[in-house]
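> My questions will all concern the structure given below.
Values quoted throughout were computed directly from the atomic coordinates according to the rules given, and no laboratory measurement underlies them. The model shown is predicted, which means the values in this text are computed figures rather than measured ones. FYI the Cβ positions are ideal-geometry reconstructions off the backbone, even for glycines, and counts take in every protein chain you see.
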Amino acid sequence: MVFVQALAFLLAFVPQLKPAAPPGLVWIDGGRTKIGTSVDQALALGQKYPVLFNAIAAETPQHERKVDGFFLMVNEVTNEQYAAFVQATGHRPPRSWGRAAIEEAQRRFPAEESERRAKAREAGQDPGADREFDAEAWWSAHSGDEAWTVPAGEECLPVVFVDHADARAYARWAGLRLMTEFEYQRAGRMNSASLYPWGNDWDDDAYCANQAQRESRPRPVGSFHAGATRTLLEDLAGNVWEWTANAYAGYPGYKELQIRVQRDGELQVIDSIARFDPLRRVIVGGSFQNGRLEARLSTRRAVEATALTDALGFRCAASDTRFADLTQNVIDLDLAGALEPFRLSLDANTPLCIDRWSSAPGTATRQGRDENGKPRVEALPGYAVITGYEYLLFVSATGLVDSSLAELRERVKREGRVALGVFSTSRKVEGPNLAAGTYVVALARDESDPTRDRLSFAKPTGEIAATIELARIEFGRPAPAAIELSTGGDGATPDRASFRTRALSRVSQRGVSFEFTLDFAPASLGSGWRR
């Protein structure tokens, strides 16, 4: 007993190993973090910038919040990083990549509009008011048909003209997530109360891309290394605004503020008016179009989730708990609205998963110095282009009402199927034939042979995609879950993933244990999986 106590005492002082970082991300230690702006600071800023008083007041009150450790991209997502996602998925490219096609469409528009109006009049119809060319609407309608390319020389500029859904889609594909506004402030401030990522001083030219430089577009990521944090995060301030995961809501203890300002020789009273809105999203960091006020770490602005501008981009984060982000993405994005129809509750805290990333170095650089102090161009530290994220995931159902296998089978007879969990994968399954995607897995009734247990895979819409015979199922104390891979080294035998998993019952520490096997293309699974 004394030995055990001594060992526990020693282990308490052993540094905890940090999880391995996803490509292009660095670890940010967690801790108590000052969030927001003090009331006194907000009142002073309001006197200086009365037009922005409402937004400044929304940064109050300053408070402390515990932020868990996390990973954060060293840079705002660049065009070349986003291009890997668009090429892999066919997702809508930003309109700035279709510049040539849009300019050609705009050139043709007057003649096409004139022809439309003439045809309407010939048909005895009212052609309506004159229409103006809408570049965003045209690109949304035609981006899948028109050629696009990342403009030459803009590969390492932050991607812009991406809305909140675009940013989340990239993060989902890359096995990451959007950062929270609190993680953003933690990354920039750590244990301080600094105004900016580099400290409290300001220089129009030294630290970040801002309006004083009169640029017409963002700068390549890493252009202002003097403004980087000690953890090598670049461009946390300036360059482009960055989407966060947060809805626009008041901080705990928020109260409306009041200032008095001189206008046209008269003293005017201005009350802050909260315009908090759960449908709007918080953006942070300021941009090349803004000044020192917006570059503060406590700045938070609210925009519609559908906003698309030339000064709004994003960067991604990742949790330190393995597979937590993937699991939450599957639940929030893939299964949105699907859990209730399936009467399904999920145990998101203990997913069964393996995953792996593939990446390339990319082309981002910064101005550095060699061992003799001479200037040189070097690769941007920590930068990487994620080229793929692969995974096999099973999330168990929880809260089954059955207390025995007999009760479960009887319920299957009555209801047709009982959901046992969710399976999701980035890879095509050969046996059974399942496209990459997310499926609700259920114990299903076999009409041809009621004595056999079958497992169905249903799309979130409810459509059955495949059914297989269940290898084993039993009720009791669930056995440890695992995924076992076996590969056909001959290049002809299918690679195989065997799942030993469970669904949990309301009965304490009891549930259903079951096994199933999926076949993949020969020699396709390989190695390098994270467990």
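> How big is the range 339-402 by the Kirkwood estimate over distinct Cα pairs, in Å?
Result for the range 339-402 stands at 16.3 Å.
> Could you please rank 287, 143, placing first whichever residue has the fewest other Cβ atoms within 10 Å of its Cβ?
Fewest to most other Cβ atoms nearby, the residues stand as 143, 287.
> How would you order 506-515, 169-178, 109-118 from highest to lowest mean count of nearby Cβ atoms within 10 Å?
Peptide ranking by packing, descending: 169-178, 506-515, 109-118.
> So, by mean Cβ neighbours within 10 angstrom, what's the order for 481-494, 391-404 with the highest one leading?
Packing proxy ranking, top to bottom: 391-404, 481-494.
> Measure nothing fancy, just the Cα-based angle from helix 39-48's long axis to the longest principal axis of the chain, in degrees from 0 to 90, nearest 10.
Between the helix axis and the principal axis of the chain, the angle is about 40 degrees.
> Output the relative contact order of the range 352-520, whole-number percent, from Cα pairs under 8 angstrom with separation of 6+ residues.
20
> Could you put 316, 208, 353 in order, starting from the residue whose Cβ has the fewest other Cβ atoms within 10 Å?
Least to most surrounded, the residues fall as 353, 316, 208.
> For Cα pairs less than 8 Å apart in space and 6+ apart in sequence, what is the mean separation divided by the residue count of the chain, i.e. the relative contact order in percent?
Rounded, it is 14 percent for the chain.
> Further question: How much of the pair distance distribution for the range 94-142 lies past 13 Å, counting alpha-carbon pairs only, in percent?
60
> Let me ask something else about it. What's the exposure ranking of 386, 35, going from fewest to most Cβ atoms within 10 Å?
35, 386
> Right, another one. Run the quick spin-label model on residue 255 and residue 47: label points 7 Å from Cα toward the beta carbon, then report their separation in nm to one decimal.
Label at residue 255, label at residue 47, 2.0 nm between them.
> List the GluC sites (Glu not before Pro) within the range 382-462 that DSSP assigns to loop and that have no more than 11 neighbouring Cβ atoms inside 10 Å.
447
> Report for the chain the percent antiparallel among DSSP-assigned beta bridges with both residues inside it, nearest 5.
Beta bridges within the chain, antiparallel portion: roughly 95 percent.
> Which of the trypsin sites (Lys or Arg not before Pro) across the range 178-231 are loop residues per DSSP, with 13 or fewer other Cβ within 10 Å?
214, 230
> Treating only the Cα positions of the chain as identical point scatterers, give the base-10 log of I(q)/I(0) from the Debye formula at each q in 0.07, 0.09, 0.10, 0.12 Å⁻¹.
Values, matching the q order: -0.53, -0.83, -0.98, -1.21.
> Right, next: Can you give the angle from 0 to 90° between the axis of helix 164-173 and the longest principal axis of the chain, with both taken from C-alpha atoms, to the nearest 10?
40
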